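Student: Could you have a look at this structure, given as structure tokens, before my questions?
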Amino acid sequence: MGVIPVDWKAKSLDSIAAVTSGKRLPLGYLVGEKVTPYPYIRVTDMRPGGLVTEDIKYVPVEAYPAISRYRIFKEDLFISVAGSLGIVGKIPVKLDGANLTENANRISEIKCDRDYLLYVLMSPVVQDVINSTQTIGAQPKLALTRIRNFVIPLPPTLDEQHAITTALSDMDALLDGLDRLIAKKRAIKQATMQQLLTGQTRLPGFSGEWEVKRLGELGIFLKGTGIRKDEAQSGVLPCVRYGELYTHHDDIIRLFNSYISREVAESAIRIKKGDILFAGSGETKEEIGKCAAFVDEIEAYAGGDVVILRPIGVNSVFMGYCCNTPAVTRQKSSLGQGDAVVHISANALSSIEVYLPDTSEQTAIATILSDMDAEITTLEIRRTKTSALKQAMMQELLTGRTRLV
């Protein structure tokens, strides 16, 4: 916890609150979808700060008497103690009095500002302790006695505790607002893609007929070569590995996550501006062949299981968006081969049909979608910086380094 102000107290959690365990259902009973008066809160429902309530399960009426004492209320906090450890949050009013899983503890009879305690339990002051003291086994666990012994840095007055929670709550509200705005912008982009990439909506000044083309008619296909995991950070030359097309690159390659040495690059395939990179392997047919366009004038390389389309006479940014649309994704899914690991070949990709306007309309559509992506990226950067600022504020305010009253 470090040094705290002389007028603050370092108190164990069990000296300012009661910590009790939840309870599993009696043998032979399971929670289910059938709605009863007895909702049941599981760790899978928990998120930092609160609960996701869309998939709440219920205790059968006949099982309730055996666990009726293990309930949690809207004035309490929960903390997960098995599986995903240390998730702390509040109970929404509509789940007041719900039963609590045995994999979480109830924190009740709280003798300080409840939201202040919530922020402390969510902060590195406690989370670092959880990470260092969890029981290691088949499933990580957090012992009840350890939770009761958590050290809580406590300002001397409720006014100061409340001032801290107000400042941090304002940051949470700002983050929530950014999350909603980002989600809204993404939804607008998806709707715009659906309209523009299918020709349902035409941009002003364009009226020509669209054509159906196979990818094999638009250029040549190449195959990336293997770059081992231990080689992916061996140098300074950027590369794209197939798994990163699922996890890091959406439609357009903007940033790189892997960098190889000159020696590794000598046996790899160099990609060129305008190339479309497809993931040649994946876990499911529904996602196989996710792709992104490479649009920079820099030296970069493709790893193994990357299928490269080097197009001619089309706008590559447009193609990056187009080849991830539902109509194209369905075709890729139907061509995937395998079960545990799904593959799609260059030959299969070459047979996929796309719907194309002339290049000037492709460019106009690509510009609109790129601008929308740039706006979303700006908001995401702002959200990341705001989150970092909140973490810094927590570190300052919850240890008394910065005082608000």
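Student: Report the Cα centroid-to-centroid distance between segment 365-404 and segment 155-196 in angstrom, as an integer.
Tutor: A separation of 10 Å, based on Cα centres.
Student: Would you mind pulling out the separation of the Cα centroids of segment 60-135 and segment 321-345, in Å?
Tutor: That distance is 43 Å.
Student: What number, rounded to the nearest 500 deg cm²/dmol, is the helix-based mean residue ellipticity at 222 nm of the chain, given -39500 (n - 2.57) per DSSP H run of at least four residues and division by all its residues? Write down the numbers at each step before the final one.
Tutor: Working: 12 runs with 140 residues, N = 405.
Per the formula, -10500 deg cm²/dmol.
Student: Residue by residue through segment 164-180, what is 3J(HN,Hα) from phi via Karplus (6.51 cos²θ - 1.76 cosθ + 1.60, θ = phi - 60°)? Round to whole Hz and write x for glycine and proline.
Tutor: Taking θ as phi minus 60°, the curve returns 5, 5, 5, 4, 6, 5, 4, 5, 4, 5, 5, 5, 4, x, 5, 4, 5 Hz for segment 164-180.
Student: Still on this structure: Give the angle, between 0 and 90 degrees and rounded to the nearest 10, that separates the Cα long axis of helix 124-133 from the longest principal axis of the Cα atoms of the chain.
Tutor: Computed tilt is about 90 degrees.
Student: Dipole size in debye (nearest 20) for the chain around its Cα centre, Lys and Arg Cβ +1, Asp and Glu Cβ -1?
Tutor: Values: 47 positive and 48 negative charges, 202 e Å.
The calculated dipole for the chain is roughly 960 debye.
Student: Still on this structure: If you stretched the chain out fully between Arg186 and Val151, how much longer would it get, using 0.36 nm times the residue separation minus the C-alpha to C-alpha distance?
Tutor: Details: separation 35, 0.36 × 35 = 12.60 nm, distance 4.19 nm.
The span from Arg186 to Val151 would gain 8.4 nm if fully extended.
Student: Per residue Cα convex hull volume for the chain, in cubic angstrom? Each step should come with its number before you reach the end.
Tutor: Values: hull volume 80.9 nm³, N = 405.
Hull volume normalised by residue count: 200 Å³.
Student: Follow-up. In terms of Cα to Cα distance under 19 Å, which aspartates and glutamates are near enough to Lys11, apart from those fewer than 8 places away along the same chain?
Tutor: Lys11 reaches Asp76, Glu109, Asp113, Asp115, Asp128, Asp159, Glu160, Glu396.
Student: Please list, by residue number, every one of the trypsin sites (Lys or Arg not before Pro) in segment 112-184 that is coil in DSSP and has at most 12 other beta-carbon atoms within 10 Å. Don't skip to the answer; put the middle values down first.
Tutor: Working: sites: Arg114, Lys141, Arg146, Arg148, Arg180, Lys184; in loops: none.
Qualifying residues, ordered by number: none.
Student: Can you pull the percent of segment 32-71's accessible area that's carbon plus sulfur, 1.4 Å probe, other chains left in place? Display every interim value, and only then the final one.
Tutor: Working: 1230 of 2290 Å².
C and S fraction of accessible area: 54 percent.
Student: How much length would be gained if the chain were fully extended between Ala10 and Gln194, taking 0.36 nm per residue of separation minus their Cα-Cα distance, in nm to one decimal? Walk me through the numbers on the way to the answer.
Tutor: Numbers: separation 184, 0.36 × 184 = 66.24 nm, distance 5.68 nm.
Using 0.36 nm per residue and subtracting the Cα-Cα distance, I get 60.6 nm.
Student: In nm, to one decimal, how far is the Ala340 label point from the Val93 one, both placed 7 Å along Cα→Cβ?
Tutor: Simple spin-label model gives 5.3 nm for this pair.
Student: Relative to the longest principal Cα axis of the chain, at what angle does helix 326-335 sit, 0 to 90 degrees, rounded to 10?
Tutor: With both axes taken from Cα atoms, the answer is about 80 degrees.
Student: Which of the pairs Lys74/Lys111; Lys57/Lys141; Lys223/Lys273; Lys94/Lys141 have their Cα atoms more than 21 Å apart in this structure? Write out the running numbers ahead of the final one.
Tutor: Working: Lys74/Lys111 15 Å; Lys57/Lys141 23 Å; Lys223/Lys273 16 Å; Lys94/Lys141 29 Å.
Long pairs (Cα-Cα over 21 Å): Lys57/Lys141; Lys94/Lys141.
Student: What accessible area per residue comes out for the chain, rounded to a whole number of Å², with a 1.4 Å probe?
Tutor: Numbers: 20150 Å² over 405 residues.
On a per-residue basis, the chain sits at 50 Å².
Student: Report the full-extension gain for the segment Thr367 to Arg403: residue separation times 0.36 nm, less the Cα-Cα distance, to one decimal in nm. All intermediate terms of the calculation are to be shown ahead of the outcome.
Tutor: Working: separation 36, 0.36 × 36 = 12.96 nm, distance 4.86 nm.
Roughly 8.1 nm would be gained on extension.
Student: For the peptides 68-75, 32-39, what is the packing order when you average, over each peptide's residues, the other Cβ atoms within 10 Å and list the highest mean first? Please list the in-between numbers first.
Tutor: On the way: 68-75: 15.0, 32-39: 12.9.
Highest-to-lowest ranking by the protection proxy: 68-75, 32-39.
Student: Sticking with this one: May I ask you to list the GluC sites (Glu not before Pro) in segment 156-229 that are in a DSSP loop and have at most 15 other Cβ atoms within 10 Å of their Cβ? Can you show the working numbers first?
Tutor: Numbers: sites: Glu160, Glu209, Glu211, Glu217; in loops: Glu209.
In loop regions of segment 156-229 (DSSP not H, G, I, E or B), the sparsely surrounded GluC sites (Glu not before Pro) are Glu209.
The values are calculated or read from the model by the stated rules, or taken from the named source; none is laboratory data. Small disclaimer: the values here were computed from a predicted structure and weren't measured. Counting neighbours? That spans all protein chains shown, and the Cβs are built from the backbone with ideal geometry, glycine included. Note: accessible area is taken over every heavy atom of the protein model, side chains too, but ligands, DNA and RNA are not part of it. Shrake-Rupley method; radii C 1.70, N 1.55, O 1.52, S 1.80 Å.
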